[in-house]
Every structure is written in structure tokens, then in C-alpha cells.
Amino acid sequence: MSIYLNKIIERVYENTESTTNPGIIIASPSEDPPYKFHWIRDSALVMRIFIDMYKQTKDPKYFQSIINYIENESKIQDLNTICGLGEPKINVDCTPFNGSWGRPQNDGPALRGIIMIQIIDLFKYRYSILINNIIIPIIIKDLEYIINNYNKVSFDIWEEKKGWHFYTRLVQLKFLKDCIKNYEYLNKSFNLEEAKKVYLKLLESTKHHLNGESIISSFDEDGKIIKYEDSANILAFSHINYDEELLQTFKLEYIKSTCNELLKYFRDKYNDQDINLIGRYKEDQYYNGQIWIICSLALAQVYMKLYINRNITKDRSPMHRAKSNPTNEYIIIANEILERILSLDSDFILPEQFDPSTNKYYSAKKLTWNYSELYLLIKMLN
């Protein structure tokens, strides 16, 4: 798999070195649709690659990419944008994007904060000036934003619906939890009791998305259900790194109904009961709702995690293992998704969407977020 990982990293670097501003990570080089912007969400998710590669190799190239990201996000936080830290994207010259858009998007500060805490852990006991003077202030600003805005509506990750979203709430919970856990490392520079109170309030609000053993994706501003099955729910589990404590409340098994419903819908849509690929949600109108690579890769990741969890059990008897450890559908589907995506083209021009019956590409190509989710899946399967 190393050849694929190398290609992924090559493509990601193309999208990080395509501007004169170090630290800018474009979502895609595409001009039509216009994706050549730096999204707070996307860039935080892509940093997972650089953090992991630096852990493995200590290559100064990855170290410099992490430093560029930190310095750039510090500048972005100080920009005079329309909605403050809830601004979803900026221009590639690191100036505010003031055009019409779905804003605020309150998952962005949480995801950035989660990544910054991971960077502190990566640099622990080293680079204290960088940590104390730049990274911790970034985290505290994002934390204060979440504390002041967790109870306000925002747009979903698809930038379409304003309301209350499971994805947004779950990543906010993860960020708050990580801040509380790392209070000492963050120099006790925030009100711990206030953070704990907000965490508990947000936890109760997020529980409203649980419906039996399934998850409601979004409510509108009045509390009416907007969407049930949405692959954003699947992505949410990946983006909290399958946090074990949060999974005690928001059980991974709850996402299976979303996975099953979306698989059924897209199999029927393409009249192919063998495909294991999904789009964003049912009746999606954007480019007629084709298969989304990030959604399919997230599906594979969740199935891999379900497979792993199913086989980590207190009962180690041969009888139990025989029942719980077949060559089961989870790992089969995960592998099939990976093979299907890798087979699209040898140059890794991975589009946002494609039609699986014709392999026709839709929307932006070389989507940076695609490479991030693909990298994680390959690592999981390895």
C-alpha cells in the first residue's frame, strides 16, 4: 500500500503548495465549481496526514507543513470576517471571503481545536515557546467561541441547512472533552468549571439526536427534523477519532441503520445491488446526488471499526470467536470500497463525486479531503 500512500501525499502537497501563502490548503484546484479556497474544516482534517507522517518519519518536510498550518490558522483567527471564527473558508491570499455563503459553520473551530491539541501532544516537552505563544492561544480562542456559540444554530457540513446538526455537536463535544482533559497542558488558561458545564449541556442536547438505535442528522431552528439518514453522521465518528468515552453514549452500532439505509438507497438508484458506495443523503440534488468518495470512505472506516470492535471482546472462548469473527461483511465491504476507489484512475484525480455505472466524474477534482479519508482507511486496513 505504500505506493498509494506516497501518491496521496504527493496530491496533498500539490494542494498545499499551489499558493504563495504557506499553510493555505486548498480544497481543490477546481475553479468551476469554485473550490480553490482554504476551508477551516477541510484543512484541519488534512492535517491528520501530516501529523501521522511526522510521527512515523520525523521528516522535517512534515514538521514544516505542521508549522505552516499553525502560523496560518493564527493569522486566520485575527481576520475581520463576516461571522468571526464561524467563517467557513477564506481566500487563498489569506484574506476574508465576503461573498454570499452558508455561515456560520460551527464545526470548523472545534475541528481545528482538536487538531491543535493533537499537535501539542505531538510536540510535548518540546517547542514550548511555539506551544505557549501560538498553539494554546489558538485553542483558547476556538474554545471560547464554542462556549459562546454551542447553543446557536449553524450550517451543516454540506453548507446547505441551518439548524442543529449531529455532526457539529459531536465534534464540539470532542473538542470540549479534549480541552478539559488537557487543562494542565493548556496552562489552565480557561475557566474549567464553565467548560465542564457547557460540555454537560451540549451532551444532553446531542442526545436528542438519538432515536432508539439510530441517529437523527439535523433539526431546523424550530426543532423540526430536517434529515434522518445523512453520511455526515458517519463522518462524525471518524472525525472524533472514535473517541471511546463518547462512544459509550453515541454507540457506533447506532450508525448502522444510516449505513444500511444509504447503501440500499444508492444500490436502488443505480440499479446495482452489489455496489458498496454511497452519496451524501437521499434525494440529494447537487449534481443529481452521485457517489461521494469521502462518504464512501467514511462508510468503509466505520465498517472497519465495527469489525475491530466486534472482535475485541472479554469472552475469548473459541466458541465465541467462531460466532463473532467470521470473515464478515464489514471487512469485505471496507476492502471492496477501497479497491473501487483505487481503481478509478492511476493518477489519483479523485473527484468529489462520480457515477459508478459509467465512472463519469462530477464536481471538483483532486479534492484534498478525499485524500485525507483515503489515507486513514488504508492505515486502518493495514
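One table, with the values for the structure above:
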{"item": "Paramagnetic reach from Lys251 in the stretch 213-233 [backbone N under 16 Å; point 7 Å along Cα→Cβ]", "result": "213-216"}
{"item": "Sum of -39500 (n - 2.57) over DSSP H runs of 4+, divided by residues of the chain (222 nm, nearest 500)", "result": "-16500 deg cm²/dmol"}
{"item": "Charged-residue dipole, Cβ positions (Lys, Arg, Asp, Glu), the stretch 2-381 about Cα centre, Debye nearest 20", "result": "1020"}
{"item": "Unsatisfied cross-links (Cα-Cα over 21 Å) in the set Lys58/Lys379; Lys141/Lys188; Lys251/Lys282", "result": "Lys251/Lys282"}
{"item": "Summed residue charge, Cβ within 9 Å of Gly289's Cβ, Lys/Arg positive, Asp/Glu negative", "result": "+1"}
{"item": "Estimated FRET transfer efficiency (Asn260, Ile129; beta-carbon r; R0 56 Å; 0.05)", "result": "0.65"}
{"item": "Distance in nm between pseudo-label sites at Asp121 and Thr20 (7 Å out along the Cβ direction from Cα)", "result": "3.8"}
{"item": "Modelled label reach - Asn359, point 7 Å along Cα→Cβ, the stretch 29-67 residues with backbone N closer than 17 Å", "result": "none"}
{"item": "Radius ratio Rg over Rh of the stretch 1-110, counting only Cα atoms, Kirkwood formula for Rh", "result": "0.98"}
{"item": "Residue with peak Gaussian network fluctuation, the chain [Cα springs, cutoff 10 Å], from Glu229, Glu339, Glu352", "result": "Glu339"}
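Throughout, read-outs are computed from the coordinates displayed, never taken from laboratory work. Remember, predicted model here, so these are calculated numbers, not experimental data. Here Cβ is always computed from backbone atoms with ideal geometry, including for glycine, and neighbour counts include all displayed protein chains.
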